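Notes follow once the structure below has been shown.
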Amino acid sequence: MMSARATERAVLSQGRAAVYEEPIGPAGVRVRERPTTEPVPGAVAVEIRAASINHLDLFMAHGAQRIDPPRVIAADGAGVVRASADPAWRPGDEVVIYPVVCDWECEWCRKGQNVRCPRFGVVGEHSDGTACELFHIDARNLFRKPKSLSWKEAGAFPLTFLTAWRMLTTRARLRAGETVLVVGASAGVAVAAIRIAKHLGARVFATSRSEAKRTRAVDIGAEAAFDSTDFSKAVRAATGDGVDVVFEHVGAATISESMRAVVQGGRIVTCGSTSGVKAEIMMPRLFWGQMDLLGSTMGNVGEFKAVLEAIDGGLRPVVDSVYPLADVEAALTRLDAAEQFGKVVLSVS
């Protein structure tokens, strides 16, 4: 077993890579050449076929994360094993990457609670990321690529589907037949939430400022989609009394409406705050409504396995667009302009 320090050294991005160098937005991420090495004991070298970007990468590019450059971006990746210093994997194996940094050896990791590891982090934020030609990672972070997915789909789902799966199943305890409202429906994690909630047998509703994106949300499984302004009224009109679960990731701009949209005793689960890190809430609405206000980040390895099983059962990611690695600035610019619906993917090789 590798030590925590060896595990940290094992996470390396090599060859051509998209590197955050300056906090000036998408233009501050540039493609650079990095030297290649052989994997250390317990690690695997993966030739990345596809990676995808998230708001985390955009926040980092704008200097909103406390990450000092340089840092290779992207948490999501899928590819082919080139070399392995672990007997579990052989050259030619097709894999996807569990995008969590952890030591795999602490009490929490041994219990399967990776998100509580003292060294918990996110690939591409707390280590180098997957937007590269060759990626070294602990062998325990690798799983077989689902045969039903294309490379671009395999590179699109890990972070957002893992995050949304934990939010809905573990934290919000969603049950078949319940109602879910997904706020801000075009973001990668929100699109994943629509697909997952529908897969789990829930009635799904969504919000978006864009009429075109509201239409897309219905196309992929939402029963109805509402404009983001004062959406609680429309939600209550459609459901009779509000929804059982609100899936939040927008934060300050929408939390009040989300609290108005949930039934008494309902659950609001959030993983993000893209509209600002501070939000005001009406405390009487929280306690008179008997609400659960739940936070969630990423997910455990067991939850990642559950996502893979659901993909084998027909669950599918939504790919918005594909850019070559050399055009990473354009890919980040699309995300920065909020033009996407689903995941923006980087084709690496």
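Any read-out appearing in this document is the output of simple, stated calculations on the displayed coordinates, not a laboratory observation. Owing to the predicted nature of the structure, the values given are computational and were not obtained by experimental measurement. Note that each Cβ is placed from the backbone with ideal geometry, even for glycine, and that neighbours are counted across all protein chains shown.
At a glance:
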quantity	calculated
Whole-Hz ³J(HN,Hα) from phi, Karplus 6.51 cos²θ - 1.76 cosθ + 1.60, for the stretch 150-157, glycine and proline x	6, 4, 5, 5, 5, x, 9, 8
Gaussian network model of the chain, springs between alpha carbon atoms under 10 Å - residue of 215, 254, 179 with greatest fluctuation	215
Relative contact order (%) - the chain, alpha-carbon pairs under 8 angstrom, separation at least six	19 percent
Table column - 3J(HN,Hα) (Hz), the stretch 126-135, Karplus curve with 6.51, -1.76, 1.60, x for Gly and Pro	9, 8, 4, x, 8, 7, 7, 7, 9, 10
FRET E, pair residue 80, residue 227, Förster distance 51 Å, beta-carbon r, rounded to 0.05	0.70
Under Karplus coefficients 6.51, -1.76 and 1.60, residue-wise ³J(HN,Hα) of the stretch 101-114 in Hz, glycine/proline x	8, 7, 8, 6, 10, 6, 4, 5, 4, 5, 8, x, 9, 4
For residue 181, distant residues with modelled amide H under 5 Å away	205, 245, 246, 247
Cα Rg over Rh - the chain, Kirkwood	0.97
Ranked list, fewest to most other Cβ atoms within 10 Å of each Cβ, for 323, 20	323, 20
Whichever lysines have a C-alpha closer than 18 Å to that of residue 147, once near sequence neighbours (fewer than 8 apart) are set aside	305
Antiparallel bridge percentage (DSSP; both residues within the chain; nearest 5)	60 percent
Relative exposure of 271, 106, 132, judged by other C-beta atoms within 10 Å (fewest first)	106, 271, 132
Share of Cα-Cα pairs in the stretch 190-279 lying beyond 21 Å, as whole percent	23 percent
Acute angle (nearest 10 degrees) that the helix 301-312 long axis makes with the longest principal axis of the chain, alpha-carbon atoms	80 degrees
Approximate spin-label separation residue 173-residue 209, in nm, with each point projected 7 Å along Cα-to-Cβ	3.6 nm
Cα pair distances in the stretch 49-179, grouped into 10 Å bins until the bin that holds the longest one, percent each	12, 37, 37, 13, 1
Flagged links, alpha-carbon separation over 25 Å, of 198/278; 145/198; 152/198	198/278
Packing-based ranking, highest mean first, of 49-61, 193-205, 232-244, 24-36 given that Cβ atoms within 10 Å are counted	49-61, 193-205, 232-244, 24-36
Packing-based ranking, highest mean first, of 157-167, 309-319, 287-297 given that Cβ atoms within 10 Å are counted	157-167, 309-319, 287-297
